[in-house]
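Beneath this line is the structure, given in structure tokens, with notes to follow.
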Amino acid sequence: MAQITLSKLAHSYAANPTAESDYALKEMDHVWQDGGAYALLGSSGCGKTTLLNIISGLVRPSYGRVLFGDLDVTDQETAARNIAQVFQFPVVYDTMTVRENLSFPLRNRGMDAAYIAARVNQIAQMIGMEDILNRKARGLTADAKQKISLGRGMVREDVNAILFDEPLTVIDPHMKWELRTQLKQLHREFGHTMIYVTHDQTEALTFADKVVVMYDGRVVQMGTPEELFETPAHTFVGYFIGSPGMNLLDAKVTGSVAHLQGAEIALGAGYGAVAGRTQIGIRPEYCLLTDGAGLPVTIRRIEDVGRHRIIRADLFGQPFNVIAPEGMAIGADMTRVAFAPGKINVYADDWRVAGGAI
Amino acid sequence: MEKTQNNKAWFLVLPVLVIVAFSAVLPLMTVVNYSMNDTFGQNEFFWNGLGWFEEMITSDRMHDALGRQVLFSVIILVIEVPLGIFIALNMPKKGFWASFCLVLMALPLLIPFNVVGTIWQIFGRVDIGLLGHGLAAIGIDYNYTNDPFDAWITIIVMDVWHWTSLVALLCYAGLQSIPQAYYQAARIDQASRWSVFRFIELPKMAGVLLIAVLLRFMDSFMIYTEPFVVTGGGPGNSTTFLSIDLVKMAVGQFDLGPAAAFSLMYFLVILLVSWVFYTVMTSLDKAETK
């Protein structure tokens, strides 16, 4: 087990990258702590899988180094790195039994037979397959196969890290929750470094201690779920995390006040003069529909999603969402929205600007 | 739901029945007719029952031809299948060289059978052939026209040259359909090259390989044109395979009765062996899923 360091890492699939857009991964410097549970979150095509494959050695980065602890592994083969990886779609060895599938990585490393038998039974119990250990893997359903893949990923105890590439895509929702819980438990028990790629924010936020959000080949924020929610470092994080995402409004910010179509909003912190395209962001959770104070909104529709209601509205012609708690009566006269003080973030050219004292 | 009874639908099958009747059933029944009768021309037939079958099934001539035929097919399969797999594994997977290799591999398959025979017939001649003359020049005693062993070697090499491509191309298609993730998983699992072949490539190729083996078996079991052009069945009878023998009997000696009985049994043997191949391989497949 080791800390994983990415140093000045960049990757392009083109042979001679020139423009920045040629890069699948833009230059990054990151340290992944030993024993951490990380989720790599981002929309499709943002470079998550590329980053994962670079760590496991399936792809060699165009620039930069990968370090496990103090050891530079950039030029090491995947096999030499001792890493486990689970892929999006089930990969099982069809002609082997479930037992042979699970023991395959151990046998390849020449482990002791008694140890292999014990370890395989332990893993089989965890994924709930003890009773079909002697069946051929070929005839099993897709989610059973994916459980075997997961099991094979976790069977080695001494791996440097376990990488998951959207492993629960083919698994049905109930099983998803159960397997995620088991992964989490396994993490607590053995303390492997785990990196979990997903585009599902619920999965990311429930699994990981730290969530790494990627956008367009860049890591835009690495933080706890709370940090991502309260202070998104990039407008993409604000938009991507949360359901619905953060409201973003074009505004002009001077000092501690945002000017929005003539209206003024107190920001709770001082920003001086902000250059570039300026936006203010506020979570729908921190907005309140009122019949008195606040800015005027036009409500387009109200969606009841169970525990709360989402109000889809327009604020000065820009789409705006408000979350209303269950049970709150929404009258016809409630056409204004008020913001919780101190919950507004300011963005210049999509990046968050830290506020100072007023 | 009430099932509609409409037997007029059978008429829809009629065109197929007619075509199959003219293309397969009627010619086959003609052969059956010949095999049960003796004839001296002028469309005069004398009933002979199973006489021809009894004669053919006990004849040494047919036994020898069958023995040579089985030996030939076995040798062909043993060489071409592993060689084809080996070539497929080593062909480039993409880019210019992949297309280049595909075209190169397909070339022998596009040459008509008798041309292949002629090519090798000339190629192997000691007086003017590059191969024959070359071998003679380096002191190897090679002459396919009077040494049975040399004749066999020539025909086998020719068949390997002509048909290994088919096995290779089928295997190549099977290999190309394996998702990259399998190879990546194998690297993660630290599998050896042999394990990758044994547990990923071979199982994924099994389907096309079955077809390749079947095709190669049937074709090699029915081989006629190429050995006929190269050796004419000689020297002596050493390369007289079933079909060559059959043609000698039917067209050369005009023994239509025995030839018809012969060809029916020949047909049944191919049918039987293909069926056994197919059943064994598919039942292996089923046993694995259980």
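The values are calculated or read from the model by the stated rules, or taken from the named source; none is laboratory data. All values derive from a computational prediction rather than experimental measurement. In this analysis, Cβ positions are derived from the backbone assuming ideal geometry, glycine residues included, and neighbour counts consider all displayed protein chains.
Beta carbons closer than 9 Å, at least 6 apart along the sequence or on distinct chains, pair a first residue in the range A:289-301 that is assigned by TED's automatic domain parsing to the domain that holds residue A:330 with a second that is surrounded by 12 or more Cβ atoms within 10 Å (Cβ to Cβ) and of a type in the set (S, T, N, Q) for A:289/A:335; A:290/A:335; A:291/A:335; A:295/A:261; A:296/A:335; A:297/A:335; A:298/A:335; A:299/A:335. Condition (residue is part of a helix (DSSP H, G or I) and more than 14 Å from chain A (Cβ to nearest Cβ)) applied to the range B:175-183: is it met by at least one residue? Yes, the range B:175-183 has at least one match. All of (1) among the hydroxyl-bearing types (Ser, Thr, Tyr); (2) buried (at least 17 other Cβ atoms within 10 Å of the Cβ); (3) modelled with pLDDT of 85 or more hold for residue A:256 with one exception: (3). When the range A:97-117 is limited to residues that are over 20 Å from residue A:143 (Cα atoms) and either more than 34 Å from the chain's Cα centre (by Cα) or polar (S, T, N, Q) (or both), the one that is farthest from the other protein chains (Cβ to nearest Cβ) turns out to be A:114.
Within the range A:333-350, the residues that satisfy the criterion of being within 26 Å of the chain's Cα centre (by Cα) and either over 19 Å from residue A:252 (Cα atoms) or not in a loop (DSSP other than H, G, I, E, B) (or both) are A:345, A:346, A:347, A:348.
Here residue B:271 clears all of (1) in contact with a Gly (Cβ under 6 Å, 6 or more places away or on another chain); (2) closer than 27 Å to residue B:33 by Cα except the condition numbered (1).
Can you say whether residue A:57 is closer than 30 Å to residue B:196 by Cα and free of Cβ contacts under 8 Å to residues at least 12 places away in the same chain, as far as the supplied structure shows? No.
Taken over the range A:116-168, the criterion of being outside any helix (DSSP H, G or I) and of a type in the set (A, V, I, L, M, F, W, C) is satisfied by A:127, A:129, A:133, A:137, A:140, A:155, A:159, A:161, A:162, A:163, A:164, A:168. Meeting the requirement of 2 or more residues that are among the aliphatic types (A, V, I, L, M), touching a residue at least 40 places away in the same chain (Cβ under 8 Å) and within 14 Å of another protein chain (Cβ to nearest Cβ), the helices (runs of 4 or more DSSP H) wholly within the range B:185-282 are B:202-221. Restricting attention to the range A:73-96, which residues are hydroxyl-bearing (Ser, Thr, Tyr) and more than 7 Å from chain B (Cβ to nearest Cβ)? Matches in the range A:73-96: A:74 only.
Among residues of the range B:1-56 being in a helix (DSSP H, G or I), of a type in the set (D, E, K, R) and free of Cβ contacts under 8 Å to residues at least 40 places away in the same chain, the one that is surrounded by the most Cβ atoms within 10 Å (Cβ to Cβ) is B:54. Looking at the range A:228-246, is at least one residue in contact (Cβ under 8 Å) with a residue 60 or more places away in the chain, farther than 27 Å from residue A:212 by Cα and surrounded by fewer than 18 Cβ atoms within 10 Å (Cβ to Cβ)? So far as the range A:228-246 goes, no, none of its residues is in contact (Cβ under 8 Å) with a residue 60 or more places away in the chain, farther than 27 Å from residue A:212 by Cα and surrounded by fewer than 18 Cβ atoms within 10 Å (Cβ to Cβ). So is residue B:61 among the basic types (Lys, Arg) and under 19 Å from the mean Cα position of the chain (by Cα) or not? The answer is no for residue B:61. Residue count for the range B:241-287 under the criterion of being among the β-branched types (Val, Ile, Thr) and buried (at least 18 other Cβ atoms within 10 Å of the Cβ): the result is 1. Scanning the range A:33-65 for residues that are of a type in the set (Ser, Thr, Tyr), more than 14 Å from chain B (Cβ to nearest Cβ) and touching a strand residue (DSSP E or B) at 6+ places or on another chain (Cβ under 6 Å) turns up A:38, A:62, A:63.
Being touching a Leu at 6+ places or on another chain (Cβ under 9 Å), outside any strand (DSSP E or B) and farther than 24 Å from residue A:236 by Cα holds for only one residue in A:330, A:299, and it is A:330.
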